[in-house]
Amino acid sequence: MTDLTRHTAAELAAQLADGTTTSVAVTQAHLDRIAAVDGTIHAFLHVNPELSLAAAAASDARRASGKPLSDLDGVPLAIKDVLVTTDMPSTSGSKILEGWMSPYDATVVTRAREAGLVPLGKTNMDEFAMGSSTEHSAYGPTRNPWDTDRIPGGSGGGSAAAVAAFEAPFALGSDTGGSIRQPAHITGTVGMKPTYGSVSRYGAIALASSLDQVGPCSRTVLDAALLHDVIGGYDRHDSTSLKDAWPSFAEAARSGAQPGSLKGLKVGVVSQYAGEAFQTGVMTRFRESLEMLAAAGAEIVDVSLPSVEHAVAAYYLILPAEASSNLAKFDSVRFGMRATIAGGGTVEQVMSATREAGFGPEVKRRIILGTYALSAGYYDAYYGSAQKVRTLIQRDFDQAFASVDVLATPTAPTTAWKLGEKLDDPLAMYAQDIATIPANLAGIPGISIPSGIAPEDGLPVGIQFLAPARHDAKLYSVAAGLEALLHAQWGGPLTSQAPDFDTAVPTQSARSVSPTQSTRGGA
């Protein structure tokens, strides 16, 4: 097994630029890694080696002619299955879209291709991004590379696990309430939720349109920033897209990694995120990270966000309400699965049978909750009240950022739990997003980086930084500054301490969700 899979995206880009390796070699190394370990991890739903190697060969040809499309031309990339692609099935982890082929690429996928990145495949996820453990996928759970009896977080556990298991140097994810950041915390990786509207959502299968945001997953802050530079910016296809001119996030990360970058930084520690709800090891590593920031010249102050105690309740009214509307398009008529009823049946009967067979339990639960919250007589009491709480949370953030540069919290309350442990307890699962949800409600950016290993169970934990909207570059700078201190202590990224799977016996080296007769194309 080649060591190319152990290199960061930035390192691979440098090697491609100086000719010490080729994209075909790098891509083949990652495909071999997927074949060796993904039977155990199940990070991928679809892998097409022929397509990947063809894209890699095209990249090598561009390099040979002196015309690379970008600095990252030829670097492999994993793509969360919530993002539609023309050459691979797009299922959003659901049976109702099994084998569906999109007629267009998501904007972020298009931009990745235009930069010469090599798609490796589509990663597993909780169905329609509803979940915190990737156990709600219709195609089976993903496992955590640190302990394969445990969950990798969710909904983007496939992308996080692929990165943590060295199956891909970085990946695309989506974050509606923490679906990039919480898996990063669970798997010892880096996850960034950009400012709402700064990265196009066009072609991201919608869960909750006012909360969803596409972002990068990686093993280092710089790699996340490099990918963010590729996918970010205005998109006319997305009505919520911001027309701002964005700085180079990679330059912000490189600058932040320099000695002295944290001096004078004012970090607000959110007092609401402590206490019995948070595992001892999570808080231990969080406090140690704060001490490192202080030793590097940052000022640590306590900050209160009183309204965040209502964030989870508000979120689980807003999200299901928007989801019930967004998922109404899966009606058995336009695209996706269609159930067969003896004697034909009416349109309503076919629609009902299709949704019964195609949607999983968690999706049905949230659709019912959302439809109820939007129903006549309950709209103001539930959905309307939740939106008022959202406004209060936004005001709390505005007030806090008037006195500090960034906010710091533990990313999630606990380390990875055992597969099945919380599957029958939705409220316990929902509580895992207590620290990540507020950023989505407020539309602000948030990043999670590894802060160490919890001493009681040997599993990774993360620290989260939050910044005002449009201040994504500040997050990359701060996160890179702390990461440099931590890497000096660890001798490199935390994932280098994860168990190796080179000798794992694959049960299925390259999964493919194939088109079926019940699947029809459509936009």
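Throughout, read-outs are computed from the coordinates displayed, never taken from laboratory work. Computed from a prediction, not measured in an experiment: that's the story for all the values here. Heads up, the Cβs are rebuilt from the backbone with ideal geometry, glycines too, and the neighbour counts pull from every protein chain shown.
Within the stretch 182-198, is even one residue closer than 19 Å to His30 by Cβ, of a type in the set (A, V, I, L, M, F, W, C) and either touching a residue at least 60 places away in the same chain (Cβ under 8 Å) or surrounded by fewer than 24 Cβ atoms within 10 Å (Cβ to Cβ) (or both)? Within the stretch 182-198, one or more residues are closer than 19 Å to His30 by Cβ, of a type in the set (A, V, I, L, M, F, W, C) and either touching a residue at least 60 places away in the same chain (Cβ under 8 Å) or surrounded by fewer than 24 Cβ atoms within 10 Å (Cβ to Cβ) (or both). Screening Gly370, Gly345 for residues that are surrounded by 13 or more Cβ atoms within 10 Å (Cβ to Cβ), assigned to a loop (DSSP other than H, G, I, E, B) and not hydrophobic (A, V, I, L, M, F, W, C) leaves exactly one candidate, Gly345.
Yes/no matrix, rows are residues, columns are (1) in contact with a Phe, Trp or Tyr (Cβ under 6 Å, 6 or more places away or on another chain); (2) under 22 Å from Gly177 (Cα atoms); (3) touching a residue at least 24 places away in the same chain (Cβ under 8 Å):
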residue: Gly343; (1), (2), (3): no, no, no
residue: Thr346; (1), (2), (3): no, no, no
residue: Thr354; (1), (2), (3): no, no, yes
residue: Phe359; (1), (2), (3): no, yes, yes
residue: Arg365; (1), (2), (3): no, yes, yes
residue: Ala376; (1), (2), (3): no, no, no
residue: Asp380; (1), (2), (3): no, no, no
residue: Gln387; (1), (2), (3): no, yes, yes
residue: Ile393; (1), (2), (3): no, yes, yes
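Whether a residue is in a loop (DSSP other than H, G, I, E, B) and not hydrophobic (A, V, I, L, M, F, W, C) was assessed, and Gly121 does not pass this test.
So, of the residues in the stretch 455-503 that are hydroxyl-bearing (Ser, Thr, Tyr) and not in a loop (DSSP other than H, G, I, E, B), which turns out to be surrounded by the most Cβ atoms within 10 Å (Cβ to Cβ)?
Tyr476
Within the stretch 378-404, the only residue that satisfies the criterion of being under 21 Å from Gly268 (Cα atoms), of a type in the set (A, V, I, L, M) and surrounded by fewer than 16 Cβ atoms within 10 Å (Cβ to Cβ) is Ala402. Out of (1) surrounded by 21 or more Cβ atoms within 10 Å (Cβ to Cβ); (2) under 30 Å from Pro141 (Cα atoms); (3) of a type in the set (Asp, Glu), what's the single condition that is false for Asp32? The number of the failed condition is (1). Yes or no: the stretch 415-430 includes at least one residue that is assigned to a strand (DSSP E or B), of a type in the set (A, V, I, L, M, F, W, C), crowded, with 22+ Cβ neighbours inside 10 Å and in contact with a helix residue (DSSP H, G or I) (Cβ under 7 Å, 6 or more places away or on another chain). The answer is no; no qualifying residue exists. For the residues Ala314, Ala323, the requirement of being small (Gly, Ala, Ser), part of a helix (DSSP H, G or I) and within 30 Å of Asp405 (Cβ to Cβ) singles out Ala314. Ala339 fulfils the conditions (1) surrounded by fewer than 18 Cβ atoms within 10 Å (Cβ to Cβ); (2) outside any helix (DSSP H, G or I); (3) not charged (D, E, K, R) except for a single criterion, (1). Report yes if Ala253 is out of contact with any Phe, Trp or Tyr (no Cβ under 7 Å at 6 or more places or on another chain) and more than 19 Å from His185 (Cα to Cα), otherwise no. So Ala253 does not fit the description; no. Filtered by the rule that a residue be in contact with a helix residue (DSSP H, G or I) (Cβ under 6 Å, 6 or more places away or on another chain) and either among the small types (Gly, Ala, Ser) or without any contact (Cβ under 8 Å) to a residue 40 or more places away in the chain (or both), the stretch 210-228 gives Ser218, Ala225. Kindly indicate the residue of the stretch 285-303 that is aliphatic (A, V, I, L, M) and without any contact (Cβ under 8 Å) to a residue 24 or more places away in the chain and also surrounded by the fewest Cβ atoms within 10 Å (Cβ to Cβ) among those meeting that condition. Checking each candidate, the answer is Ala295.
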